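Scroll down for the structure; my scribbles are underneath it.
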Amino acid sequence: MKLNKRVPIIAIVVVSVILPWAAAANASFFLKRDRDIIIRLTWDSDVDLDLHVTGLDPDGERFHICYRNRLGHGCEYEKDAARGGKAETVMIADWNHGPYQVYVHDYSSREIGGSEVLACSGATVKIFEGAELKHVFAVPQDRYGNLWGVCALYGGVVTLINEMTFEDKPGLVGRDPLSTLLPGDIIMGTPPDTNIPTRWSHVAMYVGDGRVVEAYGTSIPVESFSIEDWKYPGMSYASYYRVTSADDGIRAKAIRFVERQVKMEAPYDIGFHSKQADGGSWYCTELVWAAYMHASDGAINIEQSPDPLGVYPWEIEHSGETALVGGHYEESPNRNWLQMGYVGLKRLFQYVLVPAGGKLIVSFADISDKPAFILFFFLCFSVIYVERKKGPFETIPDAFVSSRYTMAGFRFRKSKYAPCSTEEG
């Protein structure tokens, strides 16, 4: 009898203590909080459409939520059977991570590049914050393609992309620049025939309407080119970065800055060892860096570690002002041990040649006992990289770097971005 009297007490303890704890531990998956972002895709025609959401986790790693990868990184995917399967939803826990990119892929037409099926599907994407409808986007009906790049979300702001492109592998959604980029985004890439043994040998800014502006090389001024040049095989390894500290107004000012350099036919700057925001001539990274410096009145510096030396692609990649939003990685570039050495030399410059007071050591008496100074300038002038997409060597340093690249023979290890390019649909 005593045992039977204790059973209800134990049950009460389990219900009142254990179950609330378990519910709290799983609240992000079972309870819709007030600030959840709900992305909902619906369509009318008998076609197999899929909702895809990509983003960055707190560690800066890119993830991809869709029907194959339904749960993770604060996101949850659901297929709505109530509409005959013609509705899919991704719920995001809050606005704090990202940038998020929203895509709709026509799986049934994945092998048809010029398909109009998606355009005629009646597809609509609605974005809710909690229960409140914030945005409604309808698929463009005047374009061909099986991938609709819908919009980008970051920091509570939703920005329309609305581009139609083609993608045959659902796992590679996000590799086409047109479906992913916003005007003002920065592209970094490596052409297959580059003479430069770096992961990133060239940088450009996307300005919209399928165009990029770039400081291409010594033979031509700053120019506008088609984004098609940045797709494979013209560019075999490329990543797309967004300046997350810039709003639409600052991005528009940055675009106007680079377009002004095109109109002025600003010349190429061979002085990679330094940078000038008002120099009037530009190498590729200097141009996009200066654009955001001007657009923000100096508040946005996309160089990872500001110093008196030049600004280089890997510094924009690792800047706290930028975030990865996509890319394509058909051919992995070789490891550049010279680049690694140069980064080390920049640190040497910061901590050895520029003391705590911030004054550069310039007199011979000051540096005669510093062998590092000689090494620093040797590398600055002999291991300078020349950004070229095509053509023969133009300088002795260019030939030197390329020959060292051949002898080294190192393969760059798989980066954290590569898994996005190996997913199969």
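What does the C-alpha gyration tensor say about the overall shape of region 246-322? Classify as rounded when a/c is under 1.5, otherwise prolate if a/b is larger than b/c, or oblate. Here region 246-322 falls in the oblate category.
Across region 30-170, the mean sequence separation of Cα contacts (distance under 8 Å, 6 or more residues apart), normalised by length, yields a relative contact order of 28 percent.
Label zone (T124, point 7 Å along Cα-to-C-beta; backbone nitrogen cut-off 20 Å) within region 42-62: 42-52. Remark: the V262-E116 segment gains 49.0 nm on full extension, using 0.36 nm per residue and subtracting the alpha carbon distance. Look at R175, R110, R260 and count the other Cβ atoms within 10 Å of each Cβ; fewest to most, that gives R260, R110, R175.
Maximal additional length on extending the Y67-S219 stretch stands at 49.9 nm, based on 0.36 nm per residue less the C-alpha distance. Counting beta carbons within 10 Å around each of S319, S245 and listing the fewest first gives the order S245, S319. Pairs spanning more than 25 Å between alpha-carbon atoms, out of K79/K126; K86/K126; K134/K169; K134/K253; K79/K231; K86/K169: K134/K169; K134/K253; K79/K231. Backbone N atoms of region 131-154 closer than 19 Å to the 7 Å Cα→Cβ label point of E330 belong to residues 146-147. Using the Cα gyration tensor of region 69-216, with a ≥ b ≥ c the square roots of its eigenvalues, what is the shape: rounded (a/c below 1.5), prolate (a/b larger than b/c) or oblate (neither)? Prolate shape, in that a/c is at least 1.5 and a/b is the bigger ratio.
For region 85-149 versus region 252-295, the inter-centroid distance based on Cα atoms is 36 Å.
Only the coordinates and a few stated rules stand behind these numbers; no lab work does. These numbers come from a predicted model, not from an experiment. Because the Cβ atoms are built from the backbone with ideal geometry, glycine has one as well, and the counts that use them run over all protein chains shown.
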